[in-house]
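The structure appears right after this line, and notes come after that.
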Amino acid sequence: MIIDQAGILKSREVEQKHVEDLLSRAIIQHQLSFSFVEYKWIRELLFYLHLRLKNFSRNKIVFNLWRIHVDEKENVKLAMHIAHCRICLTADG
């Protein structure tokens, strides 16, 4: 519940797509398995926080991760195109 500018108590709307994006980025950041979203207590927590959330699946998360990968790849391409000097790319591995 949140209070708007008029002081009225309202239920907070949660966007499914935004929650999926946040979960996907958490999986990337912390190197979690794709099945993380299918864990019983993670589902319980998400549904407890907001009852209108739809079920998450491993396939949805994989799709979101692929979309994030493509977006970040385009950002790197754009940054490299804008740079007017030589670039050295290194990777820790």
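Say each of Glu74 and Leu22 gets a label point 7 Å from the Cα, pointing the same way as Cα to Cβ; how far apart are those two points in nm?
The answer from the label model is 2.4 nm.
Full-extension gain between Phe47 and Phe63, please, as 0.36 nm times their residue separation minus the C-alpha to C-alpha distance.
Difference between extended and current length: 3.6 nm.
Per the 1.4 Å probe, what fraction of the accessible area of the chain, in percent, lies on carbon and sulfur atoms?
59
Relative to the first principal axis of the alpha-carbon coordinates of the chain, what is the inclination of helix 58-82, with its axis defined by its Cα atoms, in degrees from 0 to 90 and to the nearest 10?
Once rounded, one gets 40 degrees.
Just to confirm my numbers, what's the Cα centroid distance between segment 28-47 and segment 49-93 in Å?
So the two Cα centres are separated by 19 Å.
With Cα extents along the principal axes in Å as the read-out, I listed (i) 56, 25, 19; (ii) 61, 26, 19; (iii) 55, 38, 19; which label goes with the value calculated from this structure?
The calculated read-out lines up with (iii).
I want to check a number: in the chain, how many lysine pairs have alpha carbons closer than 22 Å, given a sequence separation of 8 or more or different chains?
8
Accessible area per residue for the chain in Å², computed with a 1.4 Å probe and the full protein assembly in place, what is it?
88
The values are calculated or read from the model by the stated rules, or taken from the named source; none is laboratory data. Note that the structure is a prediction, hence the values are computed from the model and not measured. A quick note on method: Cβ atoms are made from the backbone with ideal geometry, for glycine too, and the neighbour counts reach across all protein chains shown. Note: accessible area is taken over every heavy atom of the protein model, side chains too, but ligands, DNA and RNA are not part of it. Shrake-Rupley method; radii C 1.70, N 1.55, O 1.52, S 1.80 Å.
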